[in-house]
Number of protein chains: 2
Amino acid sequence: MASSQMEQDRSNYYDIVIVGAGPVGLMLSTILARWGYKIKHIDNRPEPTATGRADGIQPRSLDLLRNMGLKSAIMAHKPARVYEVAFWDPPTSGRGIERTGTWASCPEFIDARYPFTTLLHQGLIERVFISDLEKNGVQVQRPWTITGFSSNEQANPEYPVQVELEHVDGTAKESLHAKYLFGGEGARSFIRNQLQIGVTHKDPIAYVWGVMDGVVITDFPDIKIASSTDSDWNPRKTASEADVQESAKKILHPYNIEWERVEWYSVYPIGQGISDRYTLDQRVFLGGDACHTHSPKAGQGMNTAFLDAQNLAWKIHAVEAGFANREILKTYEPERKEVAETLLSFDNRYAKLFSQRPPPADTVKAATDSHADNKNHEDNAFIKTFKESCAFTSGYGVSYGPNALNWSPEHLAKSPLIHPKGTKLSTGRLFINSNVTRVVDANVVHLEQEVPLNGAFRLFVFGGDISKTSRALRDFGNNLNNKRSFYSAYLREDLGQVSHHEKHNPHSHFFTFCTIFAARRPEIEISRDLPEVLARYRDHVYADDRSDARFPDAKAVAHAKMGLDEDLGGVVVVRPDGYVGVVVSLVEGSGTVDALNEYFSTFCSKKLGEVMAQL
Amino acid sequence: MASSQMEQDRSNYYDIVIVGAGPVGLMLSTILARWGYKIKHIDNRPEPTATGRADGIQPRSLDLLRNMGLKSAIMAHKPARVYEVAFWDPPTSGRGIERTGTWASCPEFIDARYPFTTLLHQGLIERVFISDLEKNGVQVQRPWTITGFSSNEQANPEYPVQVELEHVDGTAKESLHAKYLFGGEGARSFIRNQLQIGVTHKDPIAYVWGVMDGVVITDFPDIKIASSTDSDWNPRKTASEADVQESAKKILHPYNIEWERVEWYSVYPIGQGISDRYTLDQRVFLGGDACHTHSPKAGQGMNTAFLDAQNLAWKIHAVEAGFANREILKTYEPERKEVAETLLSFDNRYAKLFSQRPPPADTVKAATDSHADNKNHEDNAFIKTFKESCAFTSGYGVSYGPNALNWSPEHLAKSPLIHPKGTKLSTGRLFINSNVTRVVDANVVHLEQEVPLNGAFRLFVFGGDISKTSRALRDFGNNLNNKRSFYSAYLREDLGQVSHHEKHNPHSHFFTFCTIFAARRPEIEISRDLPEVLARYRDHVYADDRSDARFPDAKAVAHAKMGLDEDLGGVVVVRPDGYVGVVVSLVEGSGTVDALNEYFSTFCSKKLGEVMAQL
């Protein structure tokens, strides 16, 4: 067959077909497009979302956007930043309303980089993704819809999914072959319905929300930060714009409010539900509102969608690039479904928390103050729920359960060096934020942001005291170079041609190494203190020499925050999406690399290490 | 005369003609264009500066760019950030070179928002300005040059300057009338020459500098942060690119360096000199390299140019908008010339400092550590020069001498309330940076950045303890409303039509008020705690409730940093360019406003206040 004919025959073959260009579809598409995948992305609306409705980007989502290099495009719109929420209620006696409390959106104990919610019109957020997509050659095809699909791995192991697409006016059709199909079509998902996947409604009573964006004139003092729990406002009754405005006037009385302009307005019922499955065969996946719907109160919809997409993207990449077993795709549903379930159950407790009167100021202080001695307050239900609420509304609270990726005592990797005593890192949770000084240019950087979202695992080698770990580091380098190590097993095929400017993946597309010493920057000499394999990552060598008022006695704050020994260090494996996979002691001999080989062997495509060789 | 004919006759009348589109001309043009002035801006080069040469933006200049809303456009280019400088010298014995010290570019004691130098190609920096200019309808006319000018205030009081312009190929000419002419043409200024203003060379020996930008391969550990003082490198001898590369190789030995690509390369002599005058008649002004040339070592050229332009821009605006006496234009030359002179004399001491061996580590630590007890080190010449050097290289060291704008005991304003005991603010120096919480939206903000560069004076009313200052604040509001107050004297003509969205200048284009209480945010009720005139600036009310590790005992850190009483507060007048004009106690009665009336009377266009009425 001639090459051009071959190509033509392959023109309707795609790595993935993505249906729906809301937050979840756009995030998935944007990530996979950057990693070079061939994408067909459709949406049944003729135009992207109008600027209309504002949505809140959580602190953790902003971290993710920054890790993708998209944060500055978001911030260029000068979005509002919500640092506090104020609560207003009718007084116990008398009329009108009074402020019953103001709480930080993201108190200090969360240790977020951006302790605020970023408010921006959803359409503007989506445009940031669409623009990035277009840079990578992907156009969302509109207005097109999906009319059918089937999936059969046995008939076509490489492209098992067949997808039928159609222009919404029926004037054109396309029939495609794909490796994957993703349904990000929102609550009324065609794909979910076709798969006959049910939705379990956690809360039989559907809420009705009235939301209005506009420009107002008011003397209400907390206009930019208010949340109302007035039970008199029943938006079921408020069908018209004027009715919603009248309700708001009544709620805010004795304060005045007048509308200059209404930009967007909607009254809509929200059913709180979760899809029973996120995938049936690890070929056709669902995400975002197709999987979970909840009240807009906690602002979870878009943020949960982002993280669904990120979770799935790197796993598809790990499988398709030949690094991981196809089995890891089975971790998508339990990891993300548990998050959705926890969110919904939390949503109810959250509502209950705020329908009560806030507790005394000292209890709130104990809940929010990271310095306070909370020992006496541990049993306080308010503090517990409040802390959980902050963790959820910031996005920092996500915790993935044990599986091959997230080590636990039940994991197949059994090395006693795993999860050393004292570590404050939890597997399945985010890598803790820390400031360090980059050695090559003395820049103060955020360590957790140093490796961009490139699909690679991030191995943070905390080197402790150079004089005490030099032999352990040398042994670590030697054992990495062992040809059965996880590292050597996935070396780049173009190893000899890699540019010396390559910072992150000079050896392998699946790993980036960062080395952090408990030393001052001028004391570190890259060529002297690091084994050759780590020294190659010269842009990823750091001094743990920044002070932090919360750790006044720490010699090395980043080591201390992670709970790693300031003298002996330790190795932290962080998944490509920023969650901790495993923590291993840094020791002399082969133990550290052996333990890592054990860990990676459980989900990698190749047999690794001496230990595995002996099995 | 018909209106259209009138307009045509006025078409060659401009507020200002700006010659030269380097840093000083572009900054001046950008600021004045934003404030609505009619500008003719020419440059004799056919194209803007190519990206070629990198230039360093000082921390203080970055503050200014942020105040203009241009910082994000600069940062979008992902410039290098220089946090440290490393010094390498031949060892006392042996061969090659060794690192003799690494010092922070901007140590903590400077208290800069951005403690680093931002390195970016000059062409990219200039394009940020050009793009902003174009948004305001100003195009730099190229390649055009100035061929003559005259200035005669008696013949034409409104447009006293006559300017002759010509296309560089002589094919077109323009003859213009202008209120001002600005020469930002660089070291060989035509305007300066025509005015027969001499240049005094501070240092008879002109240095020759060889500079090369490119992409290199090297094992030199500090490649991103190195500065060499090797006396063997004599760039006078190095005329060719290959010669410069050979010199660099020799200097860096035993480390290797190879060039992949050379982007820009130049060997040029630098004469250190200052123009004897910056203006003769306050109509034709000079600035930037036309006024001062110095070695590129301390990276002062562009930054000094920026601040020349900013200094002149707001003064022209204050005069032309009818607020200030024309006399204040006379402060431009002494303020900016003294800065240039101090810089040049410092430049020599700086060079000397770095040609010596660095002192012992503990001395450097004492110099850089803001916590260290420096009492024992005050006499140490190294520490003194080092601290000065940091102040200069950060841009935070500028100090304008006493004049009508910068209060001193010799000032005509003699109120005993002026410059209360304990204040740490110095008139003629930058307003001290501080973090506060904005009341309306609970955002943590940088107080010194809250008022954009809009030509208005910034009045910071530190309100201390609300319960102790409520009467003083009420009296302050009442006295502001007195019709002879500085504030009432310059009310907007369109006062009744001002939008309620106007945040900064609801009453007057010449003032913005900010009120800061030593209280926690929820304790502040704008409508209850502020007099009506201040309450109108609802977006400029702040809680001084942020903690700072350097002020562990302060109840209100911003008050404490300024040296203002945490109970009684005080009023700080900051010039439109960010430098402190005067500090006045906040007292009950008319004293505070009387003192401010006295201060403003010395340079305002109207007689102000009861005190002045009695004179």
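Computed values, structure above
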read-out: Nearest residue to the symmetry axis between B and A, taken on chain B by its Cβ, in whole Å; value: B:Ala549, 2
read-out: Rounded to the nearest 10 Å², the accessible area of B:Ser240 at probe 1.4 Å; value: 40
read-out: At 7 Å out from Cα toward Cβ: B:Arg188 inter-copy label distances (nm, ascending); value: 7.4
read-out: Area hidden from solvent between A and B (accessible, protein heavy atoms only, 1.4 Å, total, Å²); value: 2500
read-out: Cα-Cα over 21 Å, subset of B:Lys387/B:Lys555; A:Lys40/A:Lys330; A:Lys78/B:Lys135; A:Lys78/B:Lys503; A:Lys555/B:Lys78; B:Lys78/B:Lys249; value: B:Lys387/B:Lys555; A:Lys40/A:Lys330; A:Lys555/B:Lys78; B:Lys78/B:Lys249
read-out: Whole-percent carbon and sulfur share, accessible surface of the range B:412-557, 1.4 Å; value: 47
read-out: Cβ-Cβ FRET estimate between A:Ala321 and A:Ser150, R0 fixed at 22 Å, reported to 0.05; value: 0.25
read-out: Rough spin-label spacing in nm, given labels placed 7 Å along Cα→Cβ, for B:Gln196 and B:Ser175; value: 2.5
read-out: Label distances, nm, A:Gly589 versus same residue in remaining copies, Cβ-directed 7 Å point; value: 8.4
read-out: Principal semi-axes in Å for the range B:9-73 [√(5λ), Cα gyration tensor, largest first]; value: 25, 17, 8
read-out: By accessible area with a 1.4 Å probe, ligands and nucleic acids excluded, highest first: order of A:Leu28, B:Leu252; value: B:Leu252, A:Leu28
read-out: Of B:Gln449, B:Gly422, B:Gly463, farthest towards positive along the dipole that unit charges on Lys, Arg, Asp, Glu beta carbons give the range B:422-465; value: B:Gly422
read-out: Using θ = phi - 60° and Karplus 6.51 cos²θ - 1.76 cosθ + 1.60, couplings along the range B:141-149 (whole Hz; Gly, Pro as x); value: 8, 10, x, 10, 9, 9, 10, x, 6
read-out: Heavy atoms of A:Asp55 accessible to a 1.4 Å probe, total area in Å² rounded to 10; value: 20
read-out: FRET efficiency, A:Lys421 to B:Arg113 (Cβ-Cβ, R0 30 Å, nearest 0.05); value: 0.15
read-out: Inter-site label distance for B:Asp281 and A:Asn136 at 7 Å from Cα along Cβ, in nm; value: 6.3
read-out: Rule-of-thumb Rg ratio for the range A:497-569 [Cα; 2.2 N^0.38 Å; N residues]; value: 1.25
read-out: Angstrom value of the Kirkwood radius, inverse mean 1/r, which spans all Cα pairs in the range A:124-184; value: 13.3
read-out: Per residue accessible area in Å² of the range B:418-553, where ligands, DNA and RNA are left out and the probe is 1.4 Å; value: 41
read-out: B:Met68 - accessible surface, heavy atoms, 1.4 Å probe, Å² rounded to 10; value: 10
read-out: For B:Arg10, label point 7 Å along C-beta direction: distances to other copies, nm; value: 6.8
read-out: Under 20 Å from the Cα of B:Lys250 - aspartates and glutamates, other chains or at least 8 residues apart; value: B:Asp89, B:Glu98, B:Asp213, B:Asp219, B:Asp222, B:Asp230, B:Asp232, B:Glu241, B:Glu258, B:Glu260
read-out: Positions from the range B:79-99 whose accessible area shrinks by 20 Å² or more when the full protein complex is built, not the chain alone, probe 1.4 Å; value: B:Arg81, B:Tyr83, B:Glu84, B:Arg99
read-out: Binned Cα-Cα distance frequencies in the range A:435-614 - 5 Å width, integer %; value: 1, 9, 17, 22, 22, 16, 8, 3, 1, 0
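The values are calculated or read from the model by the stated rules, or taken from the named source; none is laboratory data. What you are looking at is a predicted structure, and each value in this text was computed from that prediction instead of being measured. Cβ coordinates were reconstructed from backbone atoms using ideal geometry, including for glycine residues, and neighbour counts include every protein chain displayed. SASA here: full protein model, heavy atoms, side chains in, ligands and nucleic acids out. Shrake-Rupley method; radii C 1.70, N 1.55, O 1.52, S 1.80 Å.
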